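Enquirer: Can you keep this structure in mind? I'll have questions shortly.
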Amino acid sequence: MNYRPFLAELLGTFLLAFLVRLSLGAQFPVATPVLAAITLGLIVYILGSVSGAHVNPAVTIGLFTIGKIKALDALGYIIAQVIGAVLAGVAGTAMLGSALTATADSSMMIVLAEAIGAAIFLFGISAVVRKKVPDCMSGITVGTSLLLGVLAASTASAGILNPAVALALHSFTPAYIFGPIIGAVAGVWLYRAVAE
């Protein structure tokens, strides 16, 4: 069994969640959505060839529904992502000296906002997965798609779009779990309907 893709997912999720956690708890010179987009783009370039750089359970589930990852691999990815998120939350608290106190709601408006943002995000990811984007532009495409999705969602939610990051931020509620998953599935299937 090749453990490298699972380790890549753990490390990638840790890095993304950890930097978002630090950004929200410290004075960073870059806005959190921009930092998340840059970080994810870099992770795609560094780890994309190892695991696909999902670093997000919603992405993994969305790609599973269109046959881009097998069931057991998807389960392993999600477990690795959750472990990475937990470690990021612990490390972030240790670095900042205090736990993040996030108040996360679970209204239908938040579910809708997270779903729409995730659909935008996965629309861009789908272009990369389907090789419609040159390899040299994959990280830029994915990072930009995340930024646009976060900005769209943040009008009515925290704009997390990632259940693993929500876990690291103590915002692990049904809205921040199911909203991104619903949107991810919608995004990959919408892209399939439009572009294939």
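The values are calculated or read from the model by the stated rules, or taken from the named source; none is laboratory data. No experiment lies behind these values; they were computed from the predicted model shown. In this analysis, Cβ positions are derived from the backbone assuming ideal geometry, glycine residues included, and neighbour counts consider all displayed protein chains.
Enquirer: So in region 31-72, with the set limited to residues that are polar (S, T, N, Q) and within 17 Å of A152 (Cβ to Cβ), which one is modelled with the highest pLDDT?
Expert: Within region 31-72, the match that is modelled with the highest pLDDT is N56.
Enquirer: When S107 is evaluated against the numbered criteria (1) of a type outside the set (V, I, T); (2) surrounded by fewer than 15 Cβ atoms within 10 Å (Cβ to Cβ); (3) under 24 Å from V30 (Cβ atoms), which criterion, by number, is the only one it fails?
Expert: (3)
Enquirer: From V90, V86, V82, which residue is touching a Pro at 6+ places or on another chain (Cβ under 8 Å) and of a type in the set (V, I, T)?
Expert: Of the residues listed, the single one that is touching a Pro at 6+ places or on another chain (Cβ under 8 Å) and of a type in the set (V, I, T) is V82.
Enquirer: Turning to a different aspect of this structure: Out of P33, P57, P29, I need the residue that is surrounded by fewer than 19 Cβ atoms within 10 Å (Cβ to Cβ) and of a type outside the set (D, E, K, R). Which one?
Expert: P29
Enquirer: Also: Identify all residues within region 145-167 that are in contact (Cβ under 8 Å) with a residue 60 or more places away in the chain and under 12 Å from the mean Cα position of the chain (by Cα); write none if there are none.
Expert: L146, L147, V150, G159, L161, N162, P163, A164, V165, A166, L167
Enquirer: Take G124 and decide whether it is without any contact (Cβ under 8 Å) to a residue 40 or more places away in the chain, touching a helix residue (DSSP H, G or I) at 6+ places or on another chain (Cβ under 7 Å) and either within 29 Å of A26 (Cβ to Cβ) or not in a helix (DSSP H, G or I) (or both).
Expert: Against the criterion (without any contact (Cβ under 8 Å) to a residue 40 or more places away in the chain, touching a helix residue (DSSP H, G or I) at 6+ places or on another chain (Cβ under 7 Å) and either within 29 Å of A26 (Cβ to Cβ) or not in a helix (DSSP H, G or I) (or both)), G124 qualifies.
Enquirer: Condition check: farther than 22 Å from V188 by Cα and either at pLDDT 95 or above or over 17 Å from the mean Cα position of the chain (by Cα) (or both). Does L75 satisfy that?
Expert: Spelling it out, it is not the case that L75 is farther than 22 Å from V188 by Cα and either at pLDDT 95 or above or over 17 Å from the mean Cα position of the chain (by Cα) (or both).
Enquirer: Report, ordered by the first and then the second residue, all pairs with beta carbons closer than 7 Å, sequence separation of six or more or different chains, a first member in region 185-196 that is modelled with pLDDT of 95 or more, and a second member that is hydroxyl-bearing (S, T, Y).
Expert: As it stands, the answer is V185/T65; G187/S126; V188/T65; V188/S126; Y191/S126, since those pairs meet every condition given.
Enquirer: Let me ask another. Mind telling me which of the residues V133, V142 ends up being of a type outside the set (F, W, Y) and without any contact (Cβ under 8 Å) to a residue 12 or more places away in the chain?
Expert: Exactly one of V133, V142 is of a type outside the set (F, W, Y) and without any contact (Cβ under 8 Å) to a residue 12 or more places away in the chain, namely V133.
Enquirer: So which residues in region 89-140 are more than 18 Å from the chain's Cα centre (by Cα), within 15 Å of G41 (Cα to Cα) and not β-branched (V, I, T), if there are any at all?
Expert: P134, D135, C136, M137
Enquirer: Restricting the first residue to region 42-56 and requiring it to be over 8 Å from G12 (Cα atoms) and of a type in the set (F, W, Y), which pairs with a second residue that is assigned to a helix (DSSP H, G or I) and at pLDDT 95 or above meet a Cβ separation below 8 Å and a spacing of at least six or different chains?
Expert: Within 8 Å, the pairs are Y45/S138; Y45/G139.
Enquirer: Name every residue in region 1-24 that is hydroxyl-bearing (S, T, Y) and surrounded by fewer than 23 Cβ atoms within 10 Å (Cβ to Cβ), in order of residue number.
Expert: Residues satisfying the conditions are Y3, S23.
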